[in-house]
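Visitor: A single structure is presented below for examination.
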Amino acid sequence: MLFPIVGLVITNLIVNRFFGGFIEKGIAMVLKSIAKWSSFIPFKHTYLHVLTSSITVGFGGSLGLEAPIVATGSSIGSNLSRVADLNYHERTLLIACGASAGISAVFNAPIAGVIFAIEILLTETIISYFIPLIISSVLGALCSKIILNEESLFNFILKQSFDYNNLPFYIGLGILCGFISLYYAKLFKTTEIAMHHWDIHKVLKAIIGGIFLLTIYFVLPPLFGEGYQSVKLVANNTFDTFSDNTTLFSNFSSEWGIILFALLIVLFKPIAAGITMGSGGNGGNFAPSLFTGSFLGFLFSKTINAFNYFNIPVGNFSLVGMAGLLSGVMYCPLTSIFLIAEITNGYELFIPLMLVSSISFFIVKSYEPYSMETKKLAMEGQILTQHKEKNILSAISLESMLQDKYDTIGFDKNLGDLVQLIKQSDKNIFAVLEKSGKFVGIIEINDVKQKIFQIEKYKNTPIKAVYKKPFALINIHEKMNVVMEKFDISNNWYLPVLDDEKHFVGFISKTKLFNKYREILSSQTDIYDIE
């Protein structure tokens, strides 16, 4: 029971001593690397996740190893591409290959490995990408078969075939999976952030987090670690007894006691996972979502059967529940479908898997456009999304588009001063500034074309009589998709860029931005194209 405390303390000590007190974790780190670091992942990620997640989960932290496996495989792919001096698209593909091999190896599910890489990591996929992904995934599955014993692999044998008469219950399970996925994501992030923001020493936080886990594990022992042994019992419908350390469940019949126990497992798993992560542990939500889904399917089917009107297959519903929660929590419906199909050694449950995963995904997407792991980064424009235009714009920095060699004129000057400036400049737009340097407005030559020929008005026409306010202003920190929206709304070809103190920095040109956009678009070709 004290192991979780030991694991969290050791993990925190390693991170503080060798990795500067903080490490980027999981799938979000990989996506951020693809979008913002040109698919370069630091070499330390090839080993730090193996070390820290093994200690966290191995000592009983309530997280999974799949996200660290994805981060490790992706890092290996990125660093191999660096050695081979590959370009951005090839580096990104190698990252996906590493992740694909990792998922394939851990579940012995090569198709799920390929689908995961395409669905989660590659926002845009070319047909030829499938060849290296398939090769990597197959090699990952072969390694797991050769190196690991068959009984240690995560697989099941179906005891009952699919019965279409149970279709209404699968629909009900799909709806339940969708809302429980939202519950899981909300509670996990709330718990993790609350623990993370505690302003105390990290080792003390790890000890307190471990004590919280100890308390939860005492009541609900299956929450210890990643819980795959309990998943096997539930999915095979052999979860008949459990350790009632509190004697709380002895007040109920054995059947309803197990149902109540399963309900608490579903409700407390995201809390245990959030505590583990917020206390400084390393892991992911792939395994916890599968774990929660299996107990949710078990709970749903057991409750239906308890009323003795129906007898639906508990094992099948537990397996389909795993797909529903994985789809809703990780936003990967296709991966969920093929993963459960492969670990059950067939496609007997393909119809309910498709139905439940799709319903769950539809519900969560209706409330949250991004998964809990990527929402913050997506809102900040730190990762690529399925929107191609935004992805291209996110690859363009405002600083690279900024044209800062523009002449300015003081707000206290007159038309004559402006004419002299026009004679010396090759620009047709000028910024008007106060003496303090703060931006006031702009002057375009077309707006003063007639006035500049009226020499008699030069001294008597102040700049404030000819300048105008721009239709839109750009802050130096704004994202390029926001800049593009302002160009569309204002219908201008130049917009002024200001810093946080409203000082003029330069102009940004729509023409230059469009040219860069087309340049990036034209570079996204098939990696096997021969020039």
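Visitor: Sorted by mean Cβ packing within 10 Å, highest first, what order do the peptides 207-218, 245-256, 492-503 take? List each step's numbers first, then the result.
Guide: On the way: 207-218: 19.2, 245-256: 12.0, 492-503: 15.7.
Top of the packing list down: 207-218, 492-503, 245-256.
Visitor: Say R0 is 56 Å: what FRET efficiency, to the nearest 0.05, do Asp244 and Asn481 get from their beta-carbon distance?
Guide: On the way: r = 55 Å, r/R0 = 0.98.
So, using R0 = 56 Å, E works out to roughly 0.55.
Visitor: Please report the spacing between the Cα centers of the stretch 204-229 and the stretch 50-99 in Å, no decimals.
Guide: 26 Å
Visitor: Between Asp488 and Ser366, what FRET efficiency comes out of the Förster formula 1/(1 + (r/R0)^6) with R0 = 30 Å and r the beta carbon distance, rounded to 0.05?
Guide: For R0 = 30 Å, the calculated efficiency reads 0.60.
Visitor: In addition: Using P(r) over Cα pairs in 20 Å bins from 0, in percent as the read-out, say which of [x] 20, 43, 24, 11, 2, 0; [y] 21, 49, 24, 5, 0; [z] 18, 41, 30, 11, 1 was calculated from these coordinates.
Guide: Of the listed options [x] 20, 43, 24, 11, 2, 0; [y] 21, 49, 24, 5, 0; [z] 18, 41, 30, 11, 1, [x] comes from this structure.
Visitor: Shifting gears a bit: At 0.36 nm per residue, and after removing the present C-alpha to C-alpha distance, how many nm does the segment from Asp447 to Lys376 gain when stretched out fully?
Guide: Using 0.36 nm per residue and subtracting the Cα-Cα distance, I get 21.2 nm.
Visitor: Right, another one. From the convex hull of the Cα coordinates of the stretch 164-380, what is the mean projected area in square nanometres?
Guide: On the way: hull surface 49.8 nm².
The Cα convex hull of the stretch 164-380, projected and averaged over all directions, gives 12.4 nm².
Visitor: Once phi is turned into θ = phi - 60°, what whole-Hz ³J(HN,Hα) does the Karplus curve with 6.51, -1.76 and 1.60 give for every residue of the stretch 126-142, x standing for Gly and Pro?
Guide: Values, residue by residue: 9, 3, 5, 5, 4, 4, x, 5, 5, 4, 4, 5, 5, 5, x, 5, 4 Hz.
Visitor: By DSSP, what percent of the beta bridges with both residues in the chain are antiparallel, rounded to the nearest 5? Can you show the working numbers first?
Guide: Numbers: 16 of 21 bridges.
Antiparallel bridges: around 75 percent, rounded to the nearest 5.
Visitor: Run the numbers for Asp499 and Leu148: contour at 0.36 nm per residue of separation, minus the present Cα-Cα distance, in nm. Don't skip to the answer; put the middle values down first.
Guide: On the way: separation 351, 0.36 × 351 = 126.36 nm, distance 5.77 nm.
Extending this stretch completely gives an extra 120.6 nm.
Visitor: Quote the charge dipole size of the chain about the Cα centre in Debye, to the nearest 20; the model charges only the Cβ of Lys and Arg (+1) and of Asp and Glu (-1). All intermediate terms of the calculation are to be shown ahead of the outcome.
Guide: Values: 41 positive and 41 negative charges, 317 e Å.
With only Lys, Arg, Asp and Glu charged at Cβ, the dipole is about 1520 debye.
Visitor: Something else now. Could you calculate, for the stretch 392-523, the ratio of the Cα radius of gyration to the Kirkwood radius, expressed as Rg to Rh? Mind dumping the intermediate values first?
Guide: Details: Rg = 16.0 Å, Rh = 15.7 Å.
Ratio of gyration radius to Kirkwood radius: 1.02.
Visitor: Could you tell me which residue out of Ile337, Ala272, Ile259 lies farthest along the dipole of the stretch 190-346 toward its positive end? Charges go on the beta carbon: Lys and Arg +1, Asp and Glu -1, centred on the Cα centre.
Guide: The one lying farthest along the dipole's positive direction is Ala272.
Visitor: Only helical DSSP H runs with n ≥ 4 go in: add -39500 (n - 2.57) per run for the chain, normalise by residue count and round the 222 nm mean residue ellipticity to 500 deg cm²/dmol. Don't skip to the end; give the middle numbers.
Guide: Working: 22 runs with 304 residues, N = 531.
After summing the helix terms and dividing by the residues of the chain, the value is -18500 deg cm²/dmol.
No lab work stands behind these numbers, since they all come straight from the coordinates. Computed from a predicted model, the values in this text were never measured in an experiment. Glycine gets a Cβ as well: all are built from the backbone with ideal geometry, and neighbour counts include every protein chain shown.
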